[in-house]
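Below is one structure; the comments refer to it alone.
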């Protein structure tokens, strides 16, 4: 078993991440069964549309968490963890890390306020405008969900900073526990007749878990870093260092919202809550598949940043290729299995099939998810250089997917949406993205090698 894990590149960080996401896949399946059993088709539509509208928080977050992880990983090239759980090493690097902590703490505090003051009323207006399609008591659930999301967003920068500082395994283990606690909380609400309150219950479970973990294990670390004595002139300048990367990441993430989160609300508006529920449930399965493959790549992202800082491109390329090969193989096998199971459910007219997309749009969704994973992996490699060359690709993909979704949804439903989604991601994302990836990789390594001479 150890040899197999070694061959597949499964270290402790990957094990915990896979365990968390593997649990997430199993938990998603159990949640799907409970949703089918305890929610009406209309309530299912609201359940998954909640998630899509809540994802609008990316409008305020602006990719800061990814930027935080990258900057922290670069500073950790000159720092180390001490036995008492604090960070020590180069004074300038630690001062810059402290500066980063203070900056993102304020940033996410503002975001929490914006989530409540903007997303809450926007969602309220959206559901009120479409309420005639179904009589569903969604108001209290929506309020509770948004408030819980505002609390959760405050913990995001701290986890990103710790990941960038090398605590990947610990954060992965935390997220596994979060997934378990959140899922159980949602199940209890569904079983108890709580209906749509299951989703905010899950978010509350997430928040409590991370708060307890930070207080028990990282209080000393964060306190030492926060009160670290430093020269005020030494620090990370948001305008000159972070913003040149952040605005590009932000636009890419905003594009991602229109690529990944637009389908369910559009179907909700055009075809009703039932069709939106099918799309939401199917997309949650595809997202679980994506998250399992990402377990390999996301745990390596901080290492990529450190290797770039050290200009160790031989190790970087070897690690990236192995990680991509292993993770994509797992994704391919699981994706094929999901398509086969969905086809069987529909052929045999099993009740659960009525809550999922038909085989053709479902298969197109899974294939597109696989292509998107390759593009995601390439972006992780390139962003480790504190660059975002995929910006134009993200923007073009978002515009094309959004247009095709709105144009095709009313007439062709999910099949039309997934067809347009597949074509755009195959040609623009995967095709054009691969061309840029190889060109930039060659260019940047040549520049780095020249500077070392």
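The values are calculated or read from the model by the stated rules, or taken from the named source; none is laboratory data. Predicted model only: the values in this text are computed from it and were never measured. We place every Cβ from the backbone using ideal geometry, glycine too, and count neighbours over all the protein chains shown.
Give the residues of segment 400-423 that are more than 20 Å from residue 357 (Cα to Cα) and either without any contact (Cβ under 8 Å) to a residue 12 or more places away in the chain or under 21 Å from the mean Cα position of the chain (by Cα) (or both), sorted by residue number.
403
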Matching residues, segment 167-196, being under 30 Å from residue 78 (Cα atoms) and touching a helix residue (DSSP H, G or I) at 6+ places or on another chain (Cβ under 6 Å)
168, 169, 171, 172, 173, 174, 175, 176
Only one of (1) within 16 Å of residue 86 (Cα to Cα); (2) under 21 Å from the mean Cα position of the chain (by Cα) does not apply to residue 219, and that is (2)
Can residue 169 be described as at negative phi, assigned to a helix (DSSP H, G or I), surrounded by fewer than 18 Cβ atoms within 10 Å (Cβ to Cβ) and modelled with pLDDT under 90?
yes
Test residue 354 against the criterion of being part of a helix (DSSP H, G or I), touching a helix residue (DSSP H, G or I) at 6+ places or on another chain (Cβ under 9 Å) and surrounded by 22 or more Cβ atoms within 10 Å (Cβ to Cβ), and give yes or no.
no
Residue under evaluation residue 407, criteria (1) on the phi > 0 side of the Ramachandran plot; (2) in a helix (DSSP H, G or I), criterion not met:
(1)
Can you confirm whether segment 380-391 contains a residue that is assigned to a helix (DSSP H, G or I) and over 29 Å from residue 334 (Cα atoms)?
yes
For segment 214-316, list the helices (runs of 4 or more DSSP H) that sit wholly inside it and hold at least 1 residues that are under 20 Å from residue 367 (Cβ atoms) and out of contact with any strand residue (DSSP E or B) (no Cβ under 9 Å at 6 or more places or on another chain); which are they?
243-260, 263-271, 273-310
For residue 271, state whether it is farther than 30 Å from residue 340 by Cα, surrounded by fewer than 20 Cβ atoms within 10 Å (Cβ to Cβ) and modelled with pLDDT of 75 or more.
no
What is the residue count in segment 38-80 for residues that are touching a strand residue (DSSP E or B) at 6+ places or on another chain (Cβ under 6 Å) and surrounded by fewer than 17 Cβ atoms within 10 Å (Cβ to Cβ)?
2
Go through the residues of segment 335-347 one by one and say whether even a single one is outside any helix (DSSP H, G or I), at negative phi and more than 17 Å from the chain's Cα centre (by Cα).
no
When restricted to 214, 307, 316, 322, the only residue over 30 Å from residue 59 (Cβ atoms) and surrounded by fewer than 19 Cβ atoms within 10 Å (Cβ to Cβ) is 322
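Out of 422, 437, I need the residue that is farther than 25 Å from residue 66 by Cβ, in contact with a helix residue (DSSP H, G or I) (Cβ under 7 Å, 6 or more places away or on another chain), modelled with pLDDT of 90 or more and in a helix (DSSP H, G or I). Which one?
422
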Hey, does segment 378-399 have a residue that's buried (at least 17 other Cβ atoms within 10 Å of the Cβ), under 30 Å from residue 270 (Cα atoms), without any contact (Cβ under 8 Å) to a residue 60 or more places away in the chain and touching a helix residue (DSSP H, G or I) at 6+ places or on another chain (Cβ under 6 Å)?
yes
